[in-house]
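Taking it in order: structure first as structure tokens, then the write-up.
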């Protein structure tokens, strides 16, 4: 029993840290633009496809390609789709991001087809270590490390650098920030860029776990990412990351606790739990006040 | 007094001096009037005739089904201003109810072993099935609406997304009852013009009636200025809930009609592609008006005829463009984006079509 508990804890931390990363990527953009980027999952998928097309290159080159793809696709969506919509109301932006996601996904479907492609870039992470009775896959270990580094790094960036402080100012009050000289474009582009880089890392972990990519592979992780941001609390990066961790924990708990014939409904129960949290604590679990007026 | 054949005849009292006839014309106005659903019904019937003659009866039926769906979506999204990604979930509920009840009793029990006997053996006629689908959709919407009673804005939208996923997962996983991930054969192909046209007109009438009813008007007040409406005593959550119930019923109807068009049912029918289709139609037409919903459905359906070859391939002269599945959705999504950027209020600008007096007051009045 304790062995199972330890294994479950390791799994939860691994999954949770990956969702925390996704949530961070989404929260970064949400912070400056109040936009939930439905296309985030498709950026992750785009990076994986880039890795697939670059599969004949040396591994290091593949990593570079992935990073560039993540940042590139993210910046492209900003420039083409979201910049013209900057002044639009939140409803339009939400639908627009849904449309962008459909564009990317359907384009992938139309060009490379729905058959999954094998991606080997993450294989070095796929093997596992054994710590006594517990199996720790390398990608779990790495994603935990990456999340910790990312959170610390972002914190430093946001508090110690002028760009970071500008981003925080913009996320608190965009109009006021512009009035005091913060360049809107620069801050938003920066947010999208960092968000894209995070997507690249998430993509690496995803292909490490699944070994391949298909047009719809990114949908589910991204969905859990949005849910993590909203459940954790919009407007705070730390809350988003904690939200991601919570989602990971919930998933693993359900996996272990559900009887076998109910396992197929695991995701329904997960989203049901999310719904419950949303209803009881609409402003988010890890924030103190309700700055976004989530109640009618 | 005028004279007629020498007899003094009192003139009928006139309301305006010189009783001039104002010219009536078709206009787009912010408020719907009684003429709005009439005009929209004319439009729908005209388009149905055009599709049937120009393309096929099936195309016309499909157009009408989507029209019902967009009207249903409008009742909630246009009324409350909350973007719902979950309404297709209500379609699923209605769709499965009607589909399962239409599978011939002889094979129903064996195909879906999880059904209780009374369900496996129930023989339900076509119209009763549709009614049950409406009821199921409305019931699901009522329950869900109660759950998200206090939510608004982004939290509500994410909640509706969660609902879509929950329905999808349950429909995919509960094999004994829903047939699981694959499509279930044996569903009656009963969607014909004779079925769908009345449904479309009823949906139109219901939406128009709700618009003009007290809760509908209160809803508009809440949408346009929530705090002001509440300060006047409007029970915001209550009217939003009512619109959710009505729209859920309409979506249930849509789902039922859809499965009877296709002849089978599957969770994949009621997922993101359908959500994009309906949302795009509503936004492109104009999210805030019933006219927008109807126009959007018609416009996108017309485009589908033009965009269809993208999926299947076409040639321009000697050049052959091979089609790729998925390309149609790309084009639709791009169009949606363009509309959102350039004309967020949609083709109708959120206005309703009305037959009303012309506004040209400068026209000379001396025409008797």
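The values are calculated or read from the model by the stated rules, or taken from the named source; none is laboratory data. Please read these numbers as outputs of a predicted model, since none were measured by experiment. Don't worry about glycine lacking a Cβ; one is built from the backbone with ideal geometry, like all the others, and counts go over all protein chains shown.
A few notes on this one:
- Residues (facing chain A (nearest Cβ under 7 Å), out of contact with any strand residue (DSSP E or B) (no Cβ under 7 Å at 6 or more places or on another chain) and in contact (Cβ under 8 Å) with a residue 24 or more places away in the chain) located in region B:147-160: B:153, B:157
- Within region A:72-115, the residues that satisfy the criterion of being more than 14 Å from chain B (Cβ to nearest Cβ) and closer than 20 Å to residue A:223 by Cα are A:73, A:74.
- Residues that are surrounded by fewer than 24 Cβ atoms within 10 Å (Cβ to Cβ) and within 12 Å of chain B (Cβ to nearest Cβ) were ranked within region A:216-253; the one that is modelled with the lowest pLDDT is A:235.
- Tally of residues being in a loop (DSSP other than H, G, I, E, B), crowded, with 16+ Cβ neighbours inside 10 Å and touching a helix residue (DSSP H, G or I) at 6+ places or on another chain (Cβ under 7 Å) across region B:180-204: 6
- Of all the listed residues (A:153, A:120), the sole one being surrounded by 13 or more Cβ atoms within 10 Å (Cβ to Cβ) and either outside any helix (DSSP H, G or I) or free of Cβ contacts under 8 Å to residues at least 40 places away in the same chain (or both) is A:120.
- Filter result (within 14 Å of chain A (Cβ to nearest Cβ) and in a loop (DSSP other than H, G, I, E, B)) within region B:330-348: B:343, B:344, B:345, B:346
- The criterion of at least 3 residues that are modelled with pLDDT of 90 or more, buried (at least 24 other Cβ atoms within 10 Å of the Cβ) and under 23 Å from the mean Cα position of the chain (by Cα) is met by the following helices (runs of 4 or more DSSP H) wholly inside region B:79-139: B:87-102.
- Residue in region B:291-314 that is at pLDDT 90 or above, outside any helix (DSSP H, G or I) and within 14 Å of another protein chain (Cβ to nearest Cβ) present: no
- Any hit, region B:239-256, residues being farther than 30 Å from residue A:97 by Cβ, in contact (Cβ under 8 Å) with a residue 24 or more places away in the chain and more than 11 Å from every other protein chain (Cβ to nearest Cβ): yes
- Check on residue B:201, away from chain A (no Cβ under 14 Å) and either under 30 Å from residue A:228 (Cβ atoms) or out of contact with any strand residue (DSSP E or B) (no Cβ under 7 Å at 6 or more places or on another chain) (or both): yes
- Annotation: residue A:77 fulfils all but one of (1) surrounded by fewer than 23 Cβ atoms within 10 Å (Cβ to Cβ); (2) in contact (Cβ under 8 Å) with a residue 60 or more places away in the chain; the unmet one is (1).
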